[in-house]
Amino acid sequence: MDAEGQESFQEFVANRSSALLKTAVLLSGGDRHAGEDLLQSALIKAVGRWHRIDEPEAYVRQILYRQQVSRWRLKWRRRELSVAVTPEAGSGRAPGADATSAAELRLVMRGALARLTARQRTVLVLRYFEDLPESDVARILGCSVGTVRSTTHRSLARLRTLAPELAALGPAGAEQRPSRDFSPVEVRP
């Protein structure tokens, strides 16, 4: 690689690595170390073709997605799961009780995402974090749009099952939605 290419690669890494790392960590189920490994392997692959890449960020993101797909297709499964707080160490407080509710939401979400399969997690990250349409997700993952839809549906259902407390930590006023139970009202002419 020539000096100009090396300088542009270093500038790209300096400017975009934090955003790419967020995506890699989410794809890795909230495991920062695995996300760093994923990003590093993607950057290693990109640097070899740097002079031929037109859109570097899109290219590196595509590598991230494909690397993650390759990881979940491996025969071995990781048996251990690192979590920040053990279930026994939970505080017992009502969620959203104070200023730590945002941090609690992140921890609950990270734990729930980590318990999804790699495929479910990847589909949710691509659909909702990366905000990609179903057709793009299907193209990236090499499956049909119907598969993306059904995986998204099953993933969200599993996420709701794994972390029902997310509903309580949702947007303000979510619990104040009108009920669908209507009482009969007599209307007199």
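The values are calculated or read from the model by the stated rules, or taken from the named source; none is laboratory data. What you are looking at is a predicted structure, and each value in this text was computed from that prediction instead of being measured. Positions of Cβ are generated from backbone atoms using ideal geometry, with glycine treated the same way; all protein chains shown enter the neighbour counts. Surface areas here come from the heavy atoms of the whole protein model, side chains and all, with no ligands, DNA or RNA. Shrake-Rupley method; radii C 1.70, N 1.55, O 1.52, S 1.80 Å.
Coupling constants for the stretch 32-44 follow from the phi torsions by the Karplus curve (6.51 cos²θ - 1.76 cosθ + 1.60, θ = phi - 60°), and in residue order they are 4, 5, 5, x, 5, 4, 4, 5, 4, 5, 5, 5, 5 Hz; glycine and proline get x. At full extension, GLN6 and MET109 could sit 33.3 nm farther apart than now, given 0.36 nm per residue minus the alpha carbon distance. Using the Cβ of VAL25 as centre and a radius below 10 Å, the other residues enclosed give a net charge of +1, where K and R count +1 and D and E count -1. Per-residue SASA remark: TYR65, around 10 Å² accessible (1.4 Å probe; ligands, DNA and RNA not included). Spin-label model, ARG154 to ARG66: label points 7 Å out along the Cα-to-beta-carbon direction sit 2.5 nm apart.
Enclosing the Cα atoms of the stretch 1-76 in their convex hull gives a volume equal to 86 cubic angstrom per residue.
Each residue, ASN15 and ILE44, gets one label point 7 Å from its Cα in the Cβ direction; the gap between the two is 2.6 nm.
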